[in-house]
1. Would you mind getting me the FRET efficiency between N152 and L248? Use the beta-carbon distance for r and R0 = 41 Å, nearest 0.05.
2. Take L110 and D46, extend 7 Å from each Cα along the Cα→Cβ direction, and tell me the distance between the two endpoints in nm.
3. Can you pull the Kirkwood radius for the range 244-308, inverse mean 1/r over Cα pairs, to one decimal in Å?
4. Distances longer than 16 Å among the Cα atoms of the range 208-284: what percent of all pairs is that?
5. Find the all-direction average of the projected area of the Cα convex hull for the range 134-292, expressing the result in square nanometres with one decimal place.
6. Could you list, by residue number, the cysteines of the chain that have no other cysteine's beta carbon within less than 4.7 Å of their beta carbon?
7. Mind checking the per residue accessible area of the chain for me, 1.4 Å probe, whole number of Å²?
8. Tell me, what % of the accessible area of the range 134-292 is carbon and sulfur with a 1.4 angstrom probe?
Amino acid sequence: MPLTPTKKIWMDGELVDWDDATIHVLNPTLHYGWGVFEGIRAYATDRGPAVFRLTEHIARLYRSAHLYLMEPAFTAGQLVEATREVVRVNEVESCYIRPLFYLGYGEMGLNPLPSQTKVSIACWPWGAYLGADAEEQGCRAAVSSWQRIGNNTIPPTGKGTGQYINSSLAKVQALKAGYDEAIMLTPEGHIAEGSGENIFVVYGRTLVTPPLVDGALAGITRDTVMTLARDHGYEIKEQSLNRSDLYLADEAFFTGTAAEMVPLVEVDDRAVGTGKPGDVTKTLLAQFKLAVTGQLDQYKDWNEYVRD
Ligand SMILES: Cc1ncc(COP(=O)(O)O)c(C=O)c1O
């Protein structure tokens, strides 16, 4: 999806013009993929933009950094404030936000430890990641022949930049075959997740999602939807799923910050349920939209406003 430039990008404590936010071609992160990042959204509310679960996203960024032995010179609290500042100065009402820890220029080779950890935070307006129609019509996915990375290859619990080659291989394969999204399996054949989304199936009033041990990222949208669903009286199970569990589900959907909540209406050319977005998915999607835009008092701590 094309980028829409905004005015400023926060780089190591300074607001830099969008066009000047560049790094050297010999930056080691570019060569070896040793970096970590977050994907966050801010939504328009009647109190101005609110970043959704910002503190938790920044906490996950630091957990990713810990996995990759990266030590930024800023605290999590400072980056929460920097993120709010970036959204404010760019005068956007809603946007996608991308904090990144990357290696500084000056060292080369497979040992990242001598390099400094640098930090940038950018934001830009970004529409529906799986297409403008996906929310209404649902999307079509295929199980990928690329397996999801595992704990002894590259830890799937982190958001390391290089690990997304695995996701991109699956995404490209799915797009070239005419699908909207890929579903990745573990080597044992358990469903892990989409290329950039967690996955849920619905049977009656029960929601099932793969456990983290099956290579799913601890998605913040996953947790949001689980919380909303539990509070609406649905049963939630985290249990391993096989591909046929998807084919035979009443409903299925993806969750993720970029994708938000998208009904999954077809898997491997088989209709899921009626082949249309189902009622449980639609109910939870409506609640999700109210929650992110600060219209549900019960979850107001999730809305972190950029103006005091
Ligand atoms: C591989 C992967 N799985 C799942 C997700 C969904 O996570 P979240 O809801 O925290 O954005 C993402 C996006 O961050 C992702 O990259």
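The values are calculated or read from the model by the stated rules, or taken from the named source; none is laboratory data. None of the values given here were measured: they were computed from a predicted structure. Cβ placement follows ideal geometry from the backbone for every residue including glycine, while neighbour counts extend to all protein chains displayed. We work out accessible area using only protein heavy atoms, side chains counted, and drop any ligands, DNA or RNA first. Shrake-Rupley method; radii C 1.70, N 1.55, O 1.52, S 1.80 Å.
1. On the way: r = 31 Å, r/R0 = 0.76.
The pair N152/L248 has a calculated efficiency of 0.85.
2. Calculated label separation equals 5.8 nm.
3. Kirkwood hydrodynamic radius for the range 244-308: 13.3 Å.
4. Cα-Cα pairs in the range 208-284 separated by more than 16 Å: 52 percent.
5. Directional mean of the projected Cα hull area for the range 134-292 stands at 8.3 nm².
6. C139
7. On the way: 14100 Å² over 308 residues.
For the chain, the solvent-accessible area averages 46 Å² per residue.
8. 50 percent
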